[in-house]
Amino acid sequence: MAKGEVKLLGSWPSPYVMRARIALNLKSVEYEFLEEKLGVKSELLLKSNPVHKKIPVLLHHSKPICESLVIVQYIDEVWSSGPAILPSDPYDRAVARFWASYVDEKFFPALRALPMAQGKEAMEAAMHPVKEGLALLEDAYANHSKGGPFFGGGQISYLDVAFGCFLGVIRVSEKVTGVALINEHTTPGLAGWAEEFCAHPAVEDVMPDTDKLTEFINRIIKMKSQSPN
Amino acid sequence: MAEEGVKVHGFWISPYSTRVEIALKMKGVKYEYVEEDLQNKSSELLQYNHVHKKVPVLIHNGKAIAESKIILEYIDETWKNNPIMPQDPHEKAMARFWAKFIDDEFLQPLRKALFFGEMEVEKAIEETKVNLKILEKVLEGKNFFGGERIGLVDIVATSIAYWVPLFEKAVEKKMLTEEFPKLCNWKNKYVNHNIIKEALPPKDKSIAYFRARFAKFRTSS
């Protein structure tokens, strides 16, 4: 397939963009990665996603597809000869979608608040929902991974992609707080899963380096604290 | 006897549980409906949706599925007659995009203002109208959001077709006006559809419910 047919608008630190890249990699789809600059939205982005003006945007034959999980499902359905990302059974699909939705609606907002927490008390309060979320996800992993190593069992799948993209931010939070959020004692399943996920060929090149990501997140925090909101 | 053990745990005035009932009725699937008292949730509900403890929950063959949009896709994938989702992957993606837009963007200002008093009602109406304008364009050249037939987005947009007019009556302010001719036309067709209207909660009871619910946040009108 000609490379020009598939373009992805995104940026290297974004976990949502990572989802799309992992999905394309899983299907061995060649694509052009158009990196958006921080703080400046390109004409193409504004034109392709006028409603949200956000990355990622997948452009396939110039048609835009927006929202990371919508993109992942689209990739799964279009390149159907590649390994399946969503399971085939309707109930298993519903379970995967449920946990992906949980990650987006509950887990990540809690995780994102962690680096912003100032002071010991605020940090502990911010830590609580993150740890709760990880306990639920550890449970989900135990219940659904059928021996693993992935949420999808032997193969990487939808929920692995939906949750695994946040491992970069999780590692930064662990570094900044000094707390091992995912560890062998409280989340043994997730600890093993995280290693396998990050080492997967579809993931390793798009998972950002922890130090680089820490620097980037610090820059964002600084920018936000300086600009009146 | 409900077919293949299909049960819905819902709440009479919840647009989210109504969506699920609409989808099942459109597919001709018989189900048992369990009305939940949200102040006193059943042990079944708490067990089946231990993560969120919310309605709706669909139980099929002893397995529970939660989150209304996820339930809708499950229903479509399990009972293949009268499809809710388009076949074409790009159209499917658009359907999922707009369904998410309705829940995450469109309904939020009204929720914030009317249910939580976190926003001025006038501001919420302003923002809602901006989103109505967006959806008006989506309907261009179509009878329904799903094209010629009712689809996922129409079912999710039941919140717009039926609940927004309920809110309008409860707070005595109009939002879905003649500024949006396609949406008004769609709304009328949709709520009068013979299957859909069976699933909608009774109008007067619903208006009374919302009037009472919104009373604590209403400034004197």
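The values are calculated or read from the model by the stated rules, or taken from the named source; none is laboratory data. Please read these numbers as outputs of a predicted model, since none were measured by experiment. For neighbour counting, all protein chains shown are included, and Cβ atoms are generated from backbone atoms with ideal geometry for every residue, glycine included. All accessible areas refer to the heavy atoms of the entire protein, side chains included, with ligands and DNA or RNA removed. Shrake-Rupley method; radii C 1.70, N 1.55, O 1.52, S 1.80 Å.
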With the first residue restricted to the range B:70-95 and required to be within 16 Å of residue A:67 (Cβ to Cβ) and facing chain A (nearest Cβ under 9 Å), and the second required to be part of a loop (DSSP other than H, G, I, E, B) and among the charged types (D, E, K, R), Cβ contacts under 9 Å at 6 or more apart or on different chains are B:93/A:67
Answer with yes or no whether residue A:84 is open to solvent by 30 Å² or more (accessible area, probe 1.4 Å) and in contact with an Asp or Glu (Cβ under 7 Å, 6 or more places away or on another chain).
yes
Residue hits (the range B:182-204; part of a helix (DSSP H, G or I) and free of Cβ contacts under 8 Å to residues at least 40 places away in the same chain) are B:184, B:185, B:187, B:188, B:191, B:197, B:203, B:204
Within the range A:56-81, restricting to residues that are among the polar types (S, T, N, Q) and surrounded by fewer than 21 Cβ atoms within 10 Å (Cβ to Cβ), the one that is nearest to the other protein chains (Cβ to nearest Cβ) is A:80
Counting only residues that are open to solvent by 30 Å² or more (accessible area, probe 1.4 Å) and assigned to a loop (DSSP other than H, G, I, E, B), the range B:26-50 contains a total of 8
| query | Would the range B:120-128 turn up any residue that is open to solvent by 10 Å² or more (accessible area, probe 1.4 Å), within 25 Å of residue A:98 (Cβ to Cβ), hydrophobic (A, V, I, L, M, F, W, C) and modelled with pLDDT of 95 or more? | reply | no
Note: among B:23, B:93, B:99, just one is touching a Phe, Trp or Tyr at 6+ places or on another chain (Cβ under 8 Å) and in a helix (DSSP H, G or I), namely B:93
